[in-house]
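Just below is one structure, and these are the notes that go with it.
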Amino acid sequence: MMKVSIIAGSIAAALAFSANGIAAGISNDVVKIGVLGDMSGMYSSGFSGPGAVAAVRMAVQDFGGTVLGKRIEVVYADHQNKTDIASAIARQWFDTDNVDMINDLTNSSVALSVQQLASNKKKLTIATGPGSVELTGKACTKYGIHYGYNTYALATGTASAIVKDGGDSWFILAADYAFGHALAQDTTKVVTELGGKVIQTVNIPINTADFSSYLLQAQGSGAKVIGLANAGTDTVNAIKQAHEFGIVGAGQNLAGMLLLLSDVKSMGVDITKGLRFTGSWYWNMDDASRDWQKRYAQFSNNAAPTGPHAALYSSTMAYLKAIEAVGTDDTDAVRAKLGEMTIDDFFAKGGTIRADGILMHDMYMLKVKADGKGEWDLAETVSTIPAKRAYLSPENSECPALKR
């Protein structure tokens with residue numbers, strides 16, 4: 001009898017593990033996803049905020065609300081754009097609340113901090129809001145995924161187009177933290193490689209209300225282009241004040257290096273018409289995107305249909321599909337599966353996630369138009385930027401995972 005019991009126990013144990021020794025099934029009988037973002041501040045409109053939470057919840061509902069027979073739960077919190085607050089929340093989520101994956105992470109400094117913390121605890125992060133290339137560069141981790149865009153892709157798209165059109169001298173106003181520094185650096189690299197020059201870069205504290213002194217300095221430089229290496233309300237304030245000063249009318253051009261539809265709507269097309277910007281997705285680009293936008297508007301109380309919000313939906317669906325495919329929410333198994341999958345949906349056409357964590361997918365050059373036929377019909381797709389051109393090649397990446 002004892003021998004029979006041992007054999008039966010061995011069979012049960014074997015069934016509880018996959019061929020590679022990873023425990024099957026769902027830990028704690030629930031898959032818990034944490035949306036950690038800027039819920040009330042300068043990035044809460046198009047990058048993060050209630051619209052981000054809605055996108056994740058919509059994906060969970062569309063997936064069916066359960067995976068492998070277990071409930072999917074979404075929790076969210078406001079990191080207030082502070083790394084210490086973000087890290088404290090993430091630590092509690094991992095250590096006490098059994099959160100399996102954190103996404104959003106708008107704000108590059110926050111994302112870099114939480115990504116490292118998550119790596120130490122062998123937990124996944126999927127960053128959709130931040131832009132710094134460091135997330136998949138020097139600071140890459142085994143469990144960190146960057147899903148949607150980065151500063152290199154933004155510079156490759158927008159700066160390349162402007163320099164090729166004759167905008168070969170730049171004055172850059174950069175947000176004074178990881179994202180702004182990275183975007184200014186990548187923009188400078190593109191401009192100089194194409195034969196242009198950056199006269200000066202000025203770092204400006206985030207959440208600045210008055211850009212007048214910086215804009216006047218840029219105007220006095222004689223640069224053909226004033227590049228805005230910032231985002232959210234910083235970009236909105238800078239463009240509005242540049243319009244008030246008549247800077248564009250006097251002959252200089254503005255380059256919003258990271259612009260979202262929510263920003264365009266906030267400023268109005270009278271101010272923004274003709275502006276070109278690089279985006280990860282546009283809701284009116286094809287039937288699949290239009291269908292998603294229509295359903296998302298109803299689900300989210302008409303939140304802005306931006307690239308980061310669409311990325312949150314897409315990445316959540318990819319994460320849940322990976323769990324379903326491997327039969328467990330074990331972090332190593334899910335991350336390995338995500339690296340094998342082709343993500344082919346309305347957001348990422350034939351997308352793949354590299355070993356450094358970057359989602360390889362096409363980017364788009366967009367242009368603000370003045371003849372839209374609806375509330376969010378504010379831009380048009382000018383051209384497609386292939387993934388291989390939009391992102392650093394593996395050979396040029398500084399991620400240690402690609403050097404092995």
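The values are calculated or read from the model by the stated rules, or taken from the named source; none is laboratory data. Keep in mind that this is a model prediction, so the values were computed, not measured. Cβ coordinates were reconstructed from backbone atoms using ideal geometry, including for glycine residues, and neighbour counts include every protein chain displayed.
Only residues that are in a helix (DSSP H, G or I) and in contact with a Phe, Trp or Tyr (Cβ under 6 Å, 6 or more places away or on another chain): list them for segment 278-313, please.
In the first step, residues of segment 278-313 are kept if they are in a helix (DSSP H, G or I); the result is 287-299, 307-313.
Listed by number, the residues that qualify are 288, 289, 292, 293, 307, 308, 310, 311.
Helices (runs of 4 or more DSSP H) wholly in segment 43-126 with at least 2 residues that are farther than 26 Å from residue 303 by Cα - which ones? Show your work before the answer.
Details: elements: 49-63, 83-95, 108-120.
By residue number, 83-95, 108-120.
Looking at (1) in contact with a Gly (Cβ under 6 Å, 6 or more places away or on another chain); (2) not in a loop (DSSP other than H, G, I, E, B), which is the one condition that is false for residue 352?
Condition (1) is where residue 352 drops out.
Need the failing condition index for residue 210 against (1) more than 14 Å from residue 275 (Cα to Cα); (2) buried (at least 17 other Cβ atoms within 10 Å of the Cβ), just the number.
(2)
Just give me the residues in segment 234-277 being buried (at least 19 other Cβ atoms within 10 Å of the Cβ) and either at positive phi or in a loop (DSSP other than H, G, I, E, B) (or both), in sequence order.
247, 252, 257, 258, 259, 260, 275 - these are the residues of segment 234-277 that are buried (at least 19 other Cβ atoms within 10 Å of the Cβ) and either at positive phi or in a loop (DSSP other than H, G, I, E, B) (or both).
Please find, among 342, 328, the residue that is of a type in the set (Val, Ile, Thr) and surrounded by 15 or more Cβ atoms within 10 Å (Cβ to Cβ). Break it down stepwise before answering.
Details: 342 fails: surrounded by 15 or more Cβ atoms within 10 Å (Cβ to Cβ).
The conditions single out 328.
Quick test for you: out of 231, 242, 223, pick the one residue that is under 30 Å from residue 293 (Cα atoms) and in contact (Cβ under 8 Å) with a residue 24 or more places away in the chain. Outline the logic, then answer.
Details: 242 fails: under 30 Å from residue 293 (Cα atoms); 223 fails: under 30 Å from residue 293 (Cα atoms).
After ruling out the rest, the residue left standing is 231.
If you go through segment 276-295 one residue at a time, do you hit one that is farther than 21 Å from residue 38 by Cα and among the aliphatic types (A, V, I, L, M)?
yes
For segment 221-256: of the residues being over 20 Å from residue 189 (Cα atoms) and of a type in the set (A, V, I, L, M), which is modelled with the lowest pLDDT?
Going through the qualifying residues, I end up with 248.
Is it the case, given these coordinates, that residue 45 is more than 19 Å from residue 101 (Cβ to Cβ) and surrounded by fewer than 17 Cβ atoms within 10 Å (Cβ to Cβ)? If you could, list the steps in order and put the result at the bottom.
Working: more than 19 Å from residue 101 (Cβ to Cβ): yes; surrounded by fewer than 17 Cβ atoms within 10 Å (Cβ to Cβ): no.
Judged against the criteria, residue 45 is not a match.
Just to check your reading of the model, which residue among 184, 223 is closer than 20 Å to residue 162 by Cβ and in a helix (DSSP H, G or I)?
Only one candidate qualifies: 184.
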